[in-house]
Amino acid sequence: MSEMNIIETQNLTKTYGDFTAVSHLNLHIKKGSVYGFLGPNGAGKSTTMKMLLGLAKPTSGSFHINRKSYPKDRIAILRDMGSFIEAPAFYGNLTGEENLEILRRILQLPKSAVADALELTGLTEHRKRQAKKYSLGMKQRLGLAGALLGHPPILILDEPTNGLDPIGIHEIRTLVRSLPEKYDCTVLVSSHLLPEVELMADDFGILNHGRLLFEGTMDALKRTAENAGLPTYNLEETFLSLIDMDNRNRGERI
Amino acid sequence: MSGTRVPFLQPFLETRKLRRTGFCPAFLGGGLLGALVPAVNMAVRAESFTSQSGSPFRILMDANWQLMAQLNIFLVVCGACILYHTEYADNGIQKARSLPMRPLCLFLGKLTILAVSCLLPLCIEALSLLLCRAHWFSDSAGAGRQLLAGLAFELVLLLPTAAAMLFLSSMCQNMWISLGAGVILVFFSSMLPQGSAAVALMPFASPYRMLHQFSGREALWMCALCLGEVLLFCAAERIYHNIRRCFS
Ligand SMILES: Nc1ncnc2c1ncn2[C@@H]1O[C@H](COP(=O)(O)OP(=O)(O)OP(=O)(O)O)[C@@H](O)[C@H]1O
Ligand SMILES: [Mg+2]
């Protein structure tokens, strides 16, 4: 694998019965970059992330993370990753602080890590409240705090701004943007909205029906769109027409 | 390597997850309820027991253990359900599974907690038997050893039930399903013929046995086979974990 890429997948595939959720995916995620992972509902973003975390077993294909290969080095890989998949996952009967404390002990981080993560996500004030009594956005922040705990070298964030207020969205965006510089961190962040990730990401991967339509920088995307005769004056338009074109091609294939 | 310390610490971490779940009150209350059984039984019809010949513990156990054991099994069922309900209720288990830990660690941690928690009701019940004996029977030679041996034996006999129930709860995202299945199994197992050796070893049925029903050798075999069953359920959990990952 290339030295530059911290995450690389080779023909990563996941099928459920006869339905293919992710098909021959080849991702290249550069060390120290923010990678925006885009696609409409059901494209396979969460499934891909679950495979990277070992929560779902790939049907075929393989991947390397930080020069370690799955499944041989599963535990070593997980030690390098902070994650937040789909909905926040926590223990509702515990307070926000107690939740993070459990994670801290498993990850064997210094005591200060919890206060640090609470501060970073703006939960310090609510740390003594039971997590099931948190508001939607606060749960989301708790999930993020769990992912950010101890500043892991790789962060996997699945729609991290879901359910946040505009100020929260802005905060998280700024935070994600600053992570590579501050903590030498690589971030894989998924979203439905191209304009949203455009503000955070260096590279983009666009997924539709489990297949990678495009991978590269924003400039490369604009060039690709221009060559294909798609609109480029508006990113939303570009994204939509790219998906639409693929859906039409797909219809012809079937 | 620093990661190796985690499996060892797992039971301690698991106890932290039990705050505000009612797990400890349940075991305390269950133990007290079990302790009431021999006391009430003796208080109501003391003569029919004190008139019997033989070891007092034996008389007390024969008269009360069926009900006490059933209460203990119920407690184990509830305990296992609570242990996994905290994981599934707000999807904490997804986070747990994406941490650098061996997949079986979670199960083993919970099994350790459940086994240790069973000591609480068993000790309260033993204490109650001891008090009943002191109060209603005159002969009290060699009480301590008999009681401790019985306690250890009953704890080991509860372990297959604990492992089986935890395995079941780990498969059910919805606590009511595992609880319902557990309750059905408790009633089903109490209806099985008590004499057969195969039944005596089954999870949910084994805790009804008493130490004095067996010779020393047989009792040791029982314990060994029960521990074997626990290993079997651990292996089953491991296999289930691999299968589940293919479908999730
Ligand atoms: N356990 C499962 N069994 C069967 N199909 C599944 C399973 N998990 C996911 N799928 C299917 O795989 C496809 C991809 O799902 P995935 O959750 O990865 O989409 P997504 O890109 O994250 O979508 P969204 O933007 O809505 O979160 C969907 O069609 C989904 O129904
Ligand atoms: Mg998703």
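Read-outs throughout are calculated quantities, based only on the coordinates presented, and are distinct from any laboratory measurement. All values reported here derive from a predicted model rather than from experimental measurement. Because the Cβ atoms are built from the backbone with ideal geometry, glycine has one as well, and the counts that use them run over all protein chains shown.
Side notes on the structure shown:
- Packing-based exposure ordering (other Cβ within 10 Å, fewest first) of B:244, B:45: B:45, B:244
- In the protein assembly as shown, a dipole from Cβ-located charges (positive for Lys and Arg, negative for Asp and Glu) runs towards its positive end, and of A:60, B:41, A:33 it is B:41 whose Cα lies farthest in that direction.
- Residue B:15-residue B:184 pseudo-label distance in nm [points 7 Å out on the Cα-to-Cβ vector]: 3.6
- Formal net charge of residues neighbouring residue A:225 (Cβ-Cβ distance under 13 Å; K, R +1; D, E -1): -4
- Of all DSSP-defined beta bridges confined to the protein assembly as shown, some 50% are antiparallel rather than parallel.
- The simple spin-label model puts a point 7 Å past each Cα toward its Cβ; for residue B:45 and residue B:148 those points are separated by 3.5 nm.
- Charging the Cβ of each Asp and Glu at -1 and of each Lys and Arg at +1, and nothing else, the dipole of the protein assembly as shown about its Cα centre rounds to 1020 debye.
- In summary, the aspartates and glutamates within cross-link reach of residue A:133, defined as a Cα separation below 16 angstrom excluding same-chain residues under 8 places away, comprise A:97, A:98, A:125, B:90.
- For the residue pairs A:30/A:111; A:68/A:132; A:14/A:139; A:31/A:72, the C-alpha atoms sit more than 26 angstrom apart in A:30/A:111; A:68/A:132; A:14/A:139.
- Pairs of Cα atoms nearer than 8 Å and 6+ residues apart set the relative contact order; for region A:136-185 it is 43 percent.
- Among A:224, B:161, B:50, A:161, the ranking by other beta carbons within 10 Å of each residue's beta carbon, starting with the fewest, stands as B:50, A:224, A:161, B:161.
- For A:168-178, mean number of other protein chain Cβ atoms within 10 Å: 0
- Formal net charge of residues neighbouring residue A:75 (Cβ-Cβ distance under 11 Å; K, R +1; D, E -1): +3
- Rough spin-label spacing in nm, given labels placed 7 Å along Cα→Cβ, for residue B:221 and residue B:241: 3.4
- FRET efficiency, residue A:233 to residue A:73 (Cβ-Cβ, R0 56 Å, nearest 0.05): 0.75
- Where a label projected 7 Å from the Cα of residue A:119 along Cα→Cβ would reach, residues of region A:158-173 with amide N under 19 Å: A:171-172
- The percentage of C-alpha pairs in region B:158-198 whose separation is greater than 12 Å is 65%.
- Neighbour counts of C-beta atoms inside 10 Å place B:65, B:176 in the sequence B:176, B:65, starting with the fewest.
- Under the span-like rule (Cα at least 18 Å along the axis, Kyte-Doolittle mean at least 1.0), DSSP H helices of chain B: B:23-44, B:103-136, B:143-171, B:175-191
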